[in-house]
Amino acid sequence: MTTGKSIVRPTAAELSERLRGRVLLPGDDDFAEELDGFNQITEHSPDLMAVVAGAEDVREAVAFAAVRGIPIAVQATGHGPSAAADGGLLISTRRMRGVSIDPAARTARVEGGTQWFEVVEAAAEHGLAPLNGSSPLTGVIGYTLGGGLGLMARRYGYAADHVTAVEIVTPDGRSRRATAVQDADLFWAVRGGKGNFGVVTALEFGLVPVTRLYGGGLFFPGEAAVEVLHAWRAWTSVVPEDLTSSLALLRMPDVEEIPPFLRGRLTVHVRIAYLGSAEDGNKLVEPLRAAGPLVVDTLADMPYTRFGEIHNDPTEPIPYSERSMMLRELDTAAVDTLLELAGPGADCIDLVVELRQLGGAVGRPPERPNAVDHRDAAFALSTLSLPDNRPPLVVDGMAAWGTGRRYLNFLASPDTAHLAESGYEPATFARLTEIKTRIDPDNLFRFNHNIVPRPSSA
């Protein structure tokens, strides 16, 4: 197998002749611009890049790489990078945009580079919504293949649970359509196994009848973190499944781009997405509003199209590391430990330390089984920080309450690439490895949270 380092311009020209899109090499005028992803923590350095225009381009690019033993990386928005593409071919799917809605069947079909805001807006015209995440800018495919833990998770489950068909180009250069009855093993593996099995050119998935919600956030000063965190912990034990919430300890830098009330200080942000009425929502959050002195309260009835206002995720590219751990419980001792690690006065460098309540639908087996585990977890803990050589002190410090598993969508940066196995139960990972060995025995798709195929018996 080649490493890709032998690729020269005549070889790139050969691929270019096969594509409607473009082939770029390092040094080309817009190579760096096309290579940039949202999270700039990972510095890709491929030998060439295929900026594909459609599924046929993807098929041609993968087939071209496969016969030459060239490893393949895939990038759409670049929100969750792990292993850097060191050499090889990077397939950029960001130009593959398209959403079609079947309102009668309550389904959507999206192309490989589509972002969530496009799906939300298209579905809203028919009184429907997808199981998207907190950011409008995240790519649909990468988010969903990693599970997809969104704003309505407790009511409807993971985004991967609602996928009905996957259109994928596998490492042999074949275009396949995988469903519960056709290529069923591949269908199971892709939904949760991330980008280990090929390039997904389109997804079909179910939509839900949601047009509005009661949502937004409550912001408290860092000095109230003890009271608010304990109040939120107790409150999550009694809220209905129609309510999905998270709590974040924010340490925002003192820069002009940040709202003044967040700059250079610790702030507690409770995020709410409730599918019931605004009246009932107001009653439900009364114990939280009473937990401490409010700095800002943005909770209100809103159309679902404004979902991005709940978390207010960053909209400009930055380099950041992300770590995660699934928690089996969040008792009083766990909250006290988290406060020691990340509360007032803690030596914490993380910009965000977040807890998301799970349970409800994410805790139940889906109608169509998939490779997304964590059904036993009660909370997801994640951290986001600027590049730094310090170990993940918060996540490591909460190990006593962990399930031993991590949520791979909340792992970003090259030093997380080796953690793929930690995202699954042993039986799930064994089955994923067996399917990977059949589908991608040469591990062409390895610039990711890699599921390594078993060595050939030959």
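The values are calculated or read from the model by the stated rules, or taken from the named source; none is laboratory data. As the structure is a computational prediction, the values presented were derived from the model and not from experiment. Cβ placement follows ideal geometry from the backbone for every residue including glycine, while neighbour counts extend to all protein chains displayed. Please note that ligands, DNA and RNA were not included when accessible areas were found on the heavy atoms of the full protein model with its side chains. Shrake-Rupley method; radii C 1.70, N 1.55, O 1.52, S 1.80 Å.
Summing +1 for each Lys or Arg and -1 for each Asp or Glu, what net charge is found among the other residues whose Cβ lies under 14 Å from the Cβ of LEU218? So the environment of LEU218 carries a net charge of -2.
Scalar couplings 3J(HN,Hα) for the range 16-24, obtained by applying the Karplus form with A = 6.51, B = -1.76, C = 1.60 to θ = phi - 60°, are 4, 5, 8, 10, 7, x, 10, 10, 10 Hz; x denotes Gly and Pro. If one computes the Cα centroid of the range 163-189 and of the range 415-436, what distance in Å separates the two points? The distance from the Cα centre of the range 163-189 to that of the range 415-436 comes to 19 Å. Under 5 Å from the amide H of MET96 lie the amide H atoms of GLY113, each residue being 5 or more positions distant or on a separate chain, with H modelled from the backbone and absent for Pro and chain starts.
Note on the chain: antiparallel DSSP beta bridges, both residues inside, total approximately 85 percent of the bridges counted.
Rounded if a/c is under 1.5, else prolate if a/b beats b/c, else oblate: with a ≥ b ≥ c from the C-alpha gyration tensor eigenvalues square-rooted, which is the range 325-458?
oblate
In a shell of Cβ-Cβ distance under 14 Å around GLU322, excluding GLU322 itself, what net charge do Lys and Arg (+1) and Asp and Glu (-1) give? Every neighbour counted, the sum reads -2. So how much slack lies between GLU256 and GLU425, counting 0.36 nm per residue of separation and subtracting their Cα-Cα distance, in nm? Here the segment from GLU256 to GLU425 would lengthen by 56.4 nm.
Annotation: the range 1-121 has a Kirkwood hydrodynamic radius of 15.1 angstrom, from the mean reciprocal C-alpha pair distance. Around the amide H of ARG176, modelled in the peptide plane, lie the amide H atoms of ILE168, VAL169, THR170, all under 5 Å away and 5 or more residues distant in sequence or on another chain. Only the Cβ atoms of Lys and Arg (+1) and of Asp and Glu (-1) were treated as charged; on that basis the dipole of the chain about its Cα centre amounts to roughly 1100 debye. Length gained on full extension, THR164 to GLU125, computed as 0.36 nm times the residue gap minus the Cα-Cα distance: 11.9 nm. With the convex hull constructed from alpha-carbon coordinates only, the range 221-262 shows a mean projected area of 3.9 nm² over all directions. Indicate, rounded to the nearest 5 percent, the antiparallel portion of the DSSP beta bridges found entirely in the range 1-150. Within the range 1-150, antiparallel bridges account for around 45 percent of the total. For the range 199-343, the relative contact order works out to 38 percent when only alpha carbon pairs closer than 8 Å and six or more residues apart are counted.
Qualifying GluC sites (Glu not before Pro) in the range 1-101, where qualification requires a DSSP coil assignment and no more than 15 other C-beta atoms within 10 Å, comprise GLU17, GLU43. In sequence order, the range 159-164 has phi-based couplings of 4, 4, 5, 9, 6, 10 Hz under the Karplus curve 6.51 cos²θ - 1.76 cosθ + 1.60, θ = phi - 60°, and Gly or Pro positions carry x. The three principal axes of the C-alpha atoms in the range 293-397 carry coordinate ranges of 44, 32, 32 Å, sorted with the longest axis first. Close amide H partners of ASN39, meaning residues 5 or more places away or on another chain with modelled amide H under 5 Å apart, are HIS79.
With a 1.4 Å probe and all protein chains left in place, how much accessible area per residue does the range 273-321 have, in Å²?
Working: 2460 Å² over 49 residues.
In whole numbers, the range 273-321 has 50 Å² accessible per residue.
Kirkwood radius, the chain, all distinct C-alpha pairs, inverse of mean reciprocal distance: 22.5 Å. About its Cα centre, the dipole of the range 383-458 is roughly 160 debye, where the only charges are +1 on Lys and Arg Cβ and -1 on Asp and Glu Cβ.
I want the local charge near PRO387. Using Cβ-Cβ distances under 14 Å, sum +1 for each Lys or Arg and -1 for each Asp or Glu among the other residues.
Spelling it out: positives minus negatives among the neighbours equals -3.
Converting phi to 3J(HN,Hα) with the Karplus coefficients 6.51, -1.76 and 1.60 and the offset θ = phi - 60°, the range 283-293 yields 5, 4, 8, 3, x, 6, 4, 8, 6, x, x Hz in sequence order, with x at every glycine or proline. Estimated from helices alone, the mean residue ellipticity of the chain at 222 nm is -6500 deg cm²/dmol (sum of -39500 (n - 2.57) over DSSP H runs with n ≥ 4, per residue).
Placing pseudo-labels 7 Å out from each Cα toward the beta carbon at ASP442 and ASN312 gives an inter-label distance of 5.0 nm.
For the chain, carbon and sulfur atoms together expose 51% of the accessible surface, with a 1.4 angstrom probe and every protein chain in place. Fully extending the segment from SER100 to ALA278, taken as 0.36 nm per residue of separation minus the present Cα-Cα distance, adds 61.0 nm. With a simple spin-label model that places each label point 7 Å from the Cα along the Cα-to-Cβ direction, the separation between ALA234 and SER16 comes to 6.8 nm.
Each distinct pair of alpha carbons in the range 136-180 adds a 1/r term; the inverse of their mean, the Kirkwood radius, is 11.9 Å.
If we sort 173-183, 375-385 on the protection proxy, mean other Cβ atoms within 10 Å, highest first, what's the order?
Values: 173-183: 15.5, 375-385: 21.5.
Taking the mean over residues of other Cβ atoms within 10 Å, the ranking is 375-385, 173-183.
Here, the range 49-115 is characterised by an Rg to Rh ratio of 1.07, where Rg is the alpha-carbon radius of gyration and Rh the Kirkwood radius. Ranked from largest to smallest solvent-accessible area, with a 1.4 Å probe on the protein heavy atoms, GLU340, GLU329 come out as GLU340, GLU329. Across the range 305-333, the residues whose backbone nitrogen lies under 19 Å from the label position 7 Å along the beta-carbon direction of GLU43 are 317-322.
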